[in-house]
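Notes follow the structure.
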Amino acid sequence: MKKIALIAVSLAVLASPAFAEDAKTTGTAPAAAKFSTVSKDEIFSSKLKGLNVYNQKDENVGEIADIAMKGNQVDALILSVGGFLGMGEHYVAVSPSSVSIKRDAKNDKWLASMNTTKEALKEAPEFKYPK
């Protein structure tokens, strides 16, 4: 009997006008969310990060280490270039339009290529993450 009385009192307190006012939505959020469909041919950042980049001679020239966004668009791909086993490598920011990314459906994997050389990327201005 005490449990029923306690539940009834709790429900009455929660339904009181003071609590109802706190539950209002405020701000300028849109009334409806916009949803999208995603096909299997779209690439996710989790697949892009760590993807090796090859040149026209099929040489590995770097690895996609990060993606820089500006507004709602990809502003740059951050490539890790040079070095061996993580030593001596540095980062270079390249335009996304300079890297071709395509899906190899036959082997079910993503491929990245760029018309450049290892030397050109090693000599490119180094990208440093903002602090």
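The values are calculated or read from the model by the stated rules, or taken from the named source; none is laboratory data. These numbers come from a predicted model, not from an experiment. Every residue, glycine among them, receives a Cβ derived from its backbone with ideal geometry; neighbour counts consider all protein chains shown.
Could you grab me the full set of residues in segment 30-85 that are under 21 Å from Glu123 (Cβ atoms) and β-branched (Val, Ile, Thr)?
Within segment 30-85, Val53, Val61, Ile64, Ile78, Val81 qualify.
Residues in segment 30-73 that are loosely packed, with under 14 Cβ neighbours inside 10 Å and either outside any strand (DSSP E or B) or on the phi > 0 side of the Ramachandran plot (or both): how many?
The total comes to 24.
So for segment 96-117 (the condition being of a type in the set (Lys, Arg), out of contact with any strand residue (DSSP E or B) (no Cβ under 8 Å at 6 or more places or on another chain) and part of a strand (DSSP E or B)), does at least one residue qualify? Outline the logic, then answer.
Filtering segment 96-117 down to residues of a type in the set (Lys, Arg) leaves 102-103, 106, 109.
Adding the requirement that they be out of contact with any strand residue (DSSP E or B) (no Cβ under 8 Å at 6 or more places or on another chain) leaves 106.
From the residues that got through so far, the ones that are part of a strand (DSSP E or B) too are none.
Checked segment 96-117: no residue is of a type in the set (Lys, Arg), out of contact with any strand residue (DSSP E or B) (no Cβ under 8 Å at 6 or more places or on another chain) and part of a strand (DSSP E or B).
For segment 89-99, give me the residue count where each residue is over 18 Å from the mean Cα position of the chain (by Cα) and polar (S, T, N, Q).
1
What's the number of the only condition in (1) crowded, with 16+ Cβ neighbours inside 10 Å; (2) in contact with a Ser or Thr (Cβ under 7 Å, 6 or more places away or on another chain); (3) modelled with pLDDT of 90 or more that Glu89 fails to meet?
That leaves (3) as the condition not met.
Within segment 28-81, take every residue that is over 19 Å from Lys109 (Cβ atoms) and among the basic types (Lys, Arg) and give me the one that is nearest to the chain's Cα centre (by Cα).
Looking at residues that are over 19 Å from Lys109 (Cβ atoms) and among the basic types (Lys, Arg), I get Lys70.
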